[in-house]
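The values are calculated or read from the model by the stated rules, or taken from the named source; none is laboratory data. As the structure is a computational prediction, the values presented were derived from the model and not from experiment. Don't worry about glycine lacking a Cβ; one is built from the backbone with ideal geometry, like all the others, and counts go over all protein chains shown. In case anyone asks, the SASA skips ligands and DNA or RNA and just uses the protein heavy atoms, side chains included. Shrake-Rupley method; radii C 1.70, N 1.55, O 1.52, S 1.80 Å.
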Amino acid sequence: MSSASLTAAAAANASRRGNVLGRRVLIGLAWLAFALFLLLPLYVVLSEALKLGFGTFFEAIIEPDAIAALKLTLIAVAISVPLNVVFGVSAAWCVTKFEFRGKSVLVTLIDLPFSVSPVIAGLIYVLMFGAQGWLGPWLSDHDIQIVFAVPGIVLATLFVTFPFVARELIPLMQEQGTQEEEAARLLGANGWQMFWHVTLPNIKWGLIYGVVLCTARAMGEFGAVSVVSGHIRGVTNTLPLHVEILYNEYNHVAAFSVASLLLLLALVILLLKQWSEARLSRLKSAGDEE
């Protein structure tokens, strides 16, 4: 073997070893970041929650104000997520399947909550529906309360979460095109049949992924809800607000106990997110192969 061939082989081996070393370093850094930013906070929350034993832990979770906060959080999620599904699917359908005036405006409005601070969004609702707001006197005359009540919390949650479903579905439906819907139309299907039997099966995993993201955002929303809730203990406090109140009262064990409950719900949402994301990736891979 010539010296040139030996030199080339040595260079290739050195390059391969360098690539392996670089890959291991990157993997190690990724695991380090994972441990610092996820595992360590999880450990801190759980260790602080269990500092005084399981008795104190469960007592903080089943305390009436904590139960009320959990119920309110679930109510906000149960109302806002289905409404976001209806809006998201409708908006994605309009944007991807039709051409109309104002299409770019609709897309911009969908992205609006991403660019507006949640605190500002909550303040807007106060200025509109508060006692001194634009509609405040009329609401007061008709004995309707939105701000500092459950409707305000639902509205604030709805505002900050409504882009998630639509933004997940729009790229997916644009990639799929309109050929299958056009074929269904030629075969005599009406709009509902076309959506139910053609469009929905194609977008179901993307829809599930968007619902999971929307649910996670709704459960953890703090800024907008904090502005419109009034922090009425046991009435308008969601789980994040209840954790803040307990922590500000220096009841750290109870605060971390309730936070661990919110953390458990977040982990369930994360597992659902990973599952739906994996199914969506496999669906896209199968589409690329075809």
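Numbers for the structure displayed
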read-out	value
Answer label, with semi-axes √(5λ) of the Cα gyration tensor in Å calculated from the coordinates and candidates (1) 41, 34, 17; (2) 35, 24, 16; (3) 31, 23, 17	(1)
CD proxy at 222 nm, helix term only [per DSSP H run n ≥ 4: -39500 (n - 2.57); per residue of the chain; nearest 500]	-26000 deg cm²/dmol
Added length on full extension, which subtracts the Cα-Cα distance from 0.36 nm per residue, Ala30 to Asn190	52.6 nm
FRET efficiency for Leu109 and Tyr250, using Cβ-Cβ distance with R0 set to 41 Å, rounded to 0.05	0.45
Contact order relative to length of the chain, as percent, for alpha carbon pairs under 8 angstrom and 6 or more apart	29
Residues of the chain: accessible area per residue with a 1.4 Å probe, Å²	58
Candidate lysines - alpha carbon under 22 Å from Lys204, same-chain residues fewer than 8 apart omitted	Lys97, Lys273, Lys284
Sequence of Tyr43, Tyr247 from largest to smallest accessible area, 1.4 Å probe	Tyr43, Tyr247
Computed accessible area, Cys94, all protein chains, 1.4 angstrom probe, square angstrom	50
Span from the the range 16-66 Cα centroid across to the the range 176-211 one, whole angstrom	41
DSSP-loop GluC sites (Glu not before Pro) across the range 179-218, with at most 16 other Cβ within 10 angstrom	none
Of the DSSP H helices in the chain, those whose Cα atoms cover at least 15 Å axially and whose Kyte score averages 1.0 or more	64-97, 103-115, 118-129, 150-161
With every protein chain in place, the chain: carbon and sulfur % of accessible area (1.4 Å)	68
10 Å Cβ shell holding at most 15 others, DSSP loop, trypsin sites (Lys or Arg not before Pro): longest site-free stretch of the chain	102-232
Heavy atoms of Ser115 accessible to a 1.4 Å probe, total area in Å² rounded to 10	90
